1. Counting only residues that are of a type in the set (Asp, Glu) and either on the phi > 0 side of the Ramachandran plot or surrounded by fewer than 17 Cβ atoms within 10 Å (Cβ to Cβ) (or both), give me the strands (runs of 3 or more DSSP E) lying completely in region 1-72 with at least 2 of them.
2. State which residue is most open to solvent (accessible area, probe 1.4 Å) when the search covers only region 80-124 and only residues that are under 17 Å from the mean Cα position of the chain (by Cα) and without any contact (Cβ under 8 Å) to a residue 24 or more places away in the chain.
3. Which of the residues belonging to region 174-224 are touching a Gly at 6+ places or on another chain (Cβ under 9 Å) and either charged (D, E, K, R) or open to solvent by 50 Å² or more (accessible area, probe 1.4 Å) (or both)?
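The values are calculated or read from the model by the stated rules, or taken from the named source; none is laboratory data. Nothing here was measured: the structure is a model prediction, and the numbers come from that model. Ideal geometry is used to build each Cβ from the backbone, glycine not excepted, and the neighbour counts take in all protein chains shown. Only protein heavy atoms, including side chains, enter the accessible area calculation; ligands, DNA and RNA are left aside. Shrake-Rupley method; radii C 1.70, N 1.55, O 1.52, S 1.80 Å.
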Amino acid sequence: MLEIREINQDPSYQASKWQQVRMLVDVDEIKDLFEELGDFFLFCLGGVLKQGEGSLDPQAFLTIYADYIQHLKEGKVLDKQVYMSSFSSAMTADLKALYAVNVGENKQIIRIRQPVIQMQEHIFNYSQDDQKFRSMVFGMDSITWGIQFSYPQLFTDPQSNEVKNVLQSDFPNSHLFRTLQKWVRRNTVPTPFIVDGKKVNVPIRLGKACLNWIQNHPQLTTQGVQVDVT
């Protein structure tokens, strides 16, 4: 259970120099990733919740993710309302990295105390003007592409104001993020897009198991983008 604080006891969370892992993987692949990570907790961020709510069971997350992937395989995009809150979660190996703030009668917001892996839907855009792929560009032409995992390199301790190098300190989620990075390097590839007949390897990652169906992704077709699956 998370520590409960009143809003006047709520220190600001200051972190910077974020590292991002952006990837679209198949259902069995993300299940394998979760097994590799071991024990961890998921909590929804960014919204007002009823007191005691916000914890997301990893198996429940996997069920929603499977629905998201199945729609892409069928040439459809799942309604964002179904998956957005689950994709906007914090992943942590230690409950002490999070806390809850009372914001009204039986209402709370979950906040970050120490570095956690922050998740959100990953989208990208391809610009015909300069032939560039850009992540986290929102618009009508944006393409949904799995999840972005973010973790900071620097963190300012709210008590001492000391700036700490996160990956070189003993924060419990640093090991979790390094494990995620290693899994991604082994099990995914830079996405080999084809645009105007030219192949471009883009750093956003694609699970190897996705190569069998990725051409069904409806937003790729709309934007005139393909993936080299050879």
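1. So the answer is 3-6.
2. Of everything passing the filter in region 80-124, Gln81 is most open to solvent (accessible area, probe 1.4 Å).
3. Asp196, Arg205, Asn216, Thr221, listed by residue number.
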